[in-house]
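The values are calculated or read from the model by the stated rules, or taken from the named source; none is laboratory data. Keep in mind that what you see is a predicted model, and the values were worked out from it rather than measured. Here the Cβ is made from the backbone with ideal geometry for all residues, glycine too, and neighbour counts use every protein chain on show. Keep in mind that these areas ignore ligands, DNA and RNA; they rest on the heavy atoms of the full protein, side chains included. Shrake-Rupley method; radii C 1.70, N 1.55, O 1.52, S 1.80 Å.
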Amino acid sequence: MAAAVAVASGSGTPREEDGTAGETAASQPAAPTSAPGARLSRLPLARVKALVKADPDVTLAGQEAIFILARAAELFVETIAKDAYCCAQQGKRKTLQRRDLDNAIEAVDEFAFLEGLSFEERSLCA
């Protein structure tokens, strides 16, 4: 990085001088924007809450727990979709097929809990 560290005059503390425009911004991840109307969760929280309430073992679930479960489901779907897409690319395709999901499940250790389940059973897990 071309940003130089210099001593601020009089204070003795190091500060970062701008090298080229945007270098420091590119090295750090972008902060999430809080634009009006921006959703924190892509899944409908009411639907997630209904799924949680359908479990007879769950008696109470707060809004924070519902949000965390929704976010975890989003990350899970995103991860398995990316891995399945890699399997599709190996087959020189852009469209995901069921066999791509099956290959991703077999190839990635984190998805071992899904091995041996039929497609119908897998859809009940998600």
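Could you list, in sequence order, all residues of segment 91-103 that are surrounded by fewer than 14 Cβ atoms within 10 Å (Cβ to Cβ) and closer than 20 Å to residue 117 by Cα?
Matches in segment 91-103: 97, 98, 99.
Filter segment 92-126 for residues that are among the small types (Gly, Ala, Ser) and assigned to a helix (DSSP H, G or I); which is modelled with the lowest pLDDT? Break it down stepwise before answering.
At the first step, the residues of segment 92-126 found to be among the small types (Gly, Ala, Ser) are 104, 107, 112, 116, 118, 123, 126.
Narrowing the set further to residues that are assigned to a helix (DSSP H, G or I) leaves 104, 107, 112, 123.
Details: 104: 92, 107: 91, 112: 90, 123: 56.
Only one residue tops the list, namely 123.
Among the numbered criteria (1) at pLDDT 95 or above; (2) part of a loop (DSSP other than H, G, I, E, B), which single criterion is violated by residue 67?
Exception for residue 67: condition (2).
Just to verify a result, which residue in segment 61-76, among those that are touching a residue at least 12 places away in the same chain (Cβ under 8 Å) and open to solvent by 80 Å² or more (accessible area, probe 1.4 Å), is farthest from residue 43 (Cα to Cα)?
63
Every residue, every condition in (1) open to solvent by 70 Å² or more (accessible area, probe 1.4 Å); (2) touching a Leu at 6+ places or on another chain (Cβ under 9 Å), yes or no:
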residue	(1), (2)
42	yes, no
46	yes, no
52	no, yes
55	no, no
80	no, yes
89	yes, no
